[in-house]
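Asker: Sending over a structure as structure tokens; questions will come in a sec.
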Amino acid sequence: MSVKVLLDDQIDKLFEDNPELKIVNKNQFEVAVAFFSNLKYLHGLDSDDLIDGIMGDGGDEGIDHCYVFCNGFLISDENFPINKESHVKVKFFQTKKENGFKTDGFRKLKEGIEEIFDLELSLDHLENIGANRDFLEKAELIRKIFRKASRERAKFSCEVFYVTAASDKNISEKIEQMKKQLQAPYVSSYPETTPIAK
């Protein structure tokens, strides 16, 4: 039984049941992943928020979706209230309709995340090297929220998802090594460490 055929059936059904999605100018598989993962991983966001989290083709720096939450609520601007009891969580997705987990795809995702958290790397520089508008806006939001959470001593973490159409979970050792590098904690301005990857 082909998993890809069944997956394509579910994607077709999603777009049949939600005809408004057919006019969304985003990759169909990426739209489907956002909707399929919504209840389990994205707190039941509405359709517009799901679509807004898709970073667009080309210039997404390896990040296909990105959502920022505080205590389960979506953060859409820097004025979201954060205090020391808050838990901010950024969810990054790489979404590829491929038969396996590609090392190059995960490397790009890792580099994109590192670009966001390299606070000395200007957004102008990221734009000059080809980052798209969606990525730049999300990077700016994450940086502001990260710094705000650090000032308030709130908990801050990231989750990274790599979504493919693979029927097996054969992950290369190189991806496992990059995963460990992402899991290394980032040191905040006070002695406690704040992990950014889970």
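Asker: How much accessible surface does Asp49 have with a 1.4 Å probe, in Å² rounded to 10?
Answerer: About 50 Å², rounded to the nearest 10.
Asker: Let me ask something else. Please report the equivalent ellipsoid semi-axes of segment 100-159, computed as sqrt(5 x eigenvalue) of the Cα gyration tensor, largest first, in whole Å. Don't skip to the answer; put the middle values down first.
Answerer: Numbers: eigenvalues 97, 55, 15 Å².
Sorted largest first and rounded, they come to 22, 17, 9 Å.
Asker: Arrange the residues Glu30, Glu98 by how much accessible surface each exposes, largest first, with a 1.4 angstrom probe. Intermediate values should be presented prior to the final figure.
Answerer: Numbers: Glu30 5, Glu98 60 Å².
Ranking Glu30, Glu98 by accessible area, largest first, yields Glu98, Glu30.
Asker: Just to confirm the number: angle between the C-alpha axis of helix 173-183 and the first principal axis of the chain, 0 to 90 degrees, nearest 10?
Answerer: 40
Asker: Still on this structure, I have one more. Select from His125, Phe106, His87 the residue farthest towards the positive end of the dipole of segment 69-136; place +1 on Cβ of Lys and Arg, -1 on Cβ of Asp and Glu, and compute about the Cα centre.
Answerer: So the residue we want is Phe106.
Asker: Still on this model: At 1.4 Å probe size, what's the solvent-accessible area of Leu7? Round to the nearest 10 Å².
Answerer: 40
Asker: Using alpha-carbon pairs under 8 Å, 6+ residues apart, how would you state the relative contact order of the chain in percent?
Answerer: Values: 288 pairs, mean separation 45.4, N = 198.
About 23 percent, as a whole number.
Asker: So which lysines can Lys13 reach, going by Cα to Cα under 19 Å and dropping same-chain residues fewer than 8 places off?
Answerer: Within the straight-line cut-off, Lys13 pairs with Lys4, Lys22, Lys26, Lys97.
Asker: Just to be sure I understand, if you calculate Rg/Rh (Cα atoms, Kirkwood Rh) for this structure, which of (i) 0.97; (ii) 1.62; (iii) 1.03 do you get?
Answerer: (i)
Asker: Can you give me the % of accessible surface on segment 61-196 that is carbon or sulfur? Probe 1.4 Å, all protein chains present, nothing else counted. Could you put the intermediate results ahead of the total?
Answerer: Values: 3310 of 7250 Å².
Carbon and sulfur atoms account for 46 percent of the accessible area of segment 61-196.
Asker: Quick one: ranking Tyr162, Tyr41, Tyr67 by accessible area, 1.4 Å probe, largest first, what do you get? Numbers along the way, then the final one.
Answerer: Details: Tyr162 40, Tyr41 80, Tyr67 5 Å².
Output order, biggest surface exposure first: Tyr41, Tyr162, Tyr67.
Asker: What accessible area per residue comes out for the chain, rounded to a whole number of Å², with a 1.4 Å probe?
Answerer: Values: 11030 Å² over 198 residues.
Ligands and nucleic acids excluded, the result is 56 Å² per residue.
Asker: Nothing charged except the Cβ atoms of Lys and Arg (+1) and of Asp and Glu (-1): what's the magnitude of the dipole of segment 1-151 about its Cα centre? Round to the nearest 20 debye.
Answerer: On the way: 21 positive and 30 negative charges, 130 e Å.
Here the size comes out at about 620 debye.
The values are calculated or read from the model by the stated rules, or taken from the named source; none is laboratory data. Every value quoted in this text rests on a predicted model; they were computed, and no experiment measured them. We place every Cβ from the backbone using ideal geometry, glycine too, and count neighbours over all the protein chains shown. Calculation scope for accessible area: heavy atoms of the full protein, side chains included, ligands and nucleic acids excluded. Shrake-Rupley method; radii C 1.70, N 1.55, O 1.52, S 1.80 Å.
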